[in-house]
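Have a look at the structure below before the remarks.
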Amino acid sequence: MREDESGFEITQQQGGWVIRMWWPEGPITGGPQRMTVEPAEGAESRDIVRGISTTVLRRLDLAAAVNLAKMAPQAQQTLGDVTRELDASGEAAGRLLAAEGVSDRYLALLAATYAAMAESGAPAPVPWLARLIERRPETIKDHLKKARRDGYLGTVAGKAGGEVTEKARAALKSLTSAES
């Protein structure tokens, strides 16, 4: 594995080929964003003359590469930082719920926190939010449904989480300016 300020590169060799996989800096939530396949140094010409075969690609151990990338010290630090920020945001949503009930500002913060948790690759954002807000997961699901109905959280087809809407951003901006 090779690290630099922009991300992580993991290299595997399959037969006469070298496969380089690259992830950007930040939490590792899936496969690489870039892959290159090149002839290995000293590879037999008979192994590379016919090009990259599907066998070479099938033998690629992507799961091992992802696990190795997740173990990189820089990825671990970034993941810890993101987790702390999400915890703080969820706890703030809990305080807002206690103070204001299911308000527009609460729904906006809940939507933003939930979307960020899903984007970070959290396998179960609703139970995580429920723990931080100190409510049952079913209650948080109901609040998220209301956030969607009220236009604070949009959907992304085929993807967990959703996108924070402009209405939510405006409510969050007013929340930030009220704290200043």
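Give the calculated FRET efficiency between VAL156 and MET71 to the nearest 0.05, with a Förster radius of 41 Å applied to their Cβ-Cβ distance.
Result of the calculation: an efficiency of 0.90.
Check which residues have an amide H placed less than 5 Å from TRP17's amide H, if you skip close sequence neighbours.
It is ALA40, by chain and number.
Taking the Cα of ARG84, stepping 7 Å toward and past its beta carbon, and measuring to each backbone N in the range 120-136: which are under 18 Å?
From the range 120-136, the list is empty.
So what does LYS145 come to for accessible area, using a 1.4 Å probe and Å² rounded to 10?
Result for LYS145: roughly 120 Å² accessible.
Hey, can you grab everything whose amide H is under 5 Å from the amide H of GLY7? Only 5+ residues off in sequence or another chain; H modelled, so Pro and N-termini drop out.
Here the answer is GLU25, since their amide H atoms fall under 5 Å of that of GLY7.
For the chain, what does -39500 (n - 2.57) per DSSP helix run (n ≥ 4), summed and divided by total residues, give at 222 nm, in deg cm²/dmol to the nearest 500?
Computed ellipticity for the chain at 222 nm equals -17000 deg cm²/dmol.
For a quick check of understanding: with a 1.4 angstrom probe and all protein chains in place, what accessible area in square angstrom does ASP81 have, to the nearest ten?
Number for this one is 60 Å².
Mind checking the angle between helix 137-149 and the chain's longest principal axis? C-alpha axes, 0 to 90 degrees, to the nearest 10.
Its long axis makes an angle of about 90 degrees.
Hey, can you find the accessible area per residue of the range 133-180 for me, probe 1.4 Å, expressed in square angstrom?
68
Just grab the label-to-label distance for ALA40 and LYS146, each label 7 Å out from Cα along the Cβ direction, in nm (one decimal).
With each label point 7 Å from Cα toward Cβ, the separation is 6.0 nm.
Rank MET117, MET71 by accessible area, highest first, at a 1.4 Å probe radius?
MET71, MET117
Counting only protein heavy atoms and a 1.4 Å probe, tell me what percentage of the chain's accessible area is made up of carbon and sulfur.
Looking at the chain in its full context, I get 50 percent from C and S.
On the full set of protein chains, 1.4 Å probe, figure out the accessible area of THR83 and give it in Å² to the nearest 10.
Surface open to solvent at THR83 totals about 50 Å².
Which whole-Hz ³J(HN,Hα) couplings does the range 121-128 yield from phi under the Karplus relation 6.51 cos²θ - 1.76 cosθ + 1.60, θ = phi - 60°, glycine and proline marked x?
x, 4, x, 9, x, 5, x, 4
Give me a comma-separated list of calculated 3J(HN,Hα) values for the range 110-115, in order, Karplus coefficients 6.51, -1.76, 1.60 applied at θ = phi - 60°, integers in Hz, x for any Gly or Pro.
Calculated HN-Hα couplings, in order: 4, 4, 5, 5, 4, 4 Hz.
Would you mind computing, in nm to one decimal, how far apart the modelled labels at ARG135 and SER174 are, each placed 7 Å from Cα along Cα→Cβ?
Here the answer is 1.9 nm between the modelled labels.
Which ³J(HN,Hα) values in Hz, rounded to whole numbers, follow from the phi angles of the range 86-98 under the Karplus curve 6.51 cos²θ - 1.76 cosθ + 1.60, where θ = phi - 60° and Gly and Pro get x?
Couplings: 5, 4, 4, 5, x, 5, 5, 4, x, 5, 5, 4, 5 Hz.
With Kirkwood's inverse mean 1/r over C-alpha pairs for Rh, give me the Rg to Rh ratio of the range 1-153, two decimals please.
1.19
The values are calculated or read from the model by the stated rules, or taken from the named source; none is laboratory data. Small disclaimer: the values here were computed from a predicted structure and weren't measured. Positions of Cβ are generated from backbone atoms using ideal geometry, with glycine treated the same way; all protein chains shown enter the neighbour counts. Only protein heavy atoms, including side chains, enter the accessible area calculation; ligands, DNA and RNA are left aside. Shrake-Rupley method; radii C 1.70, N 1.55, O 1.52, S 1.80 Å.
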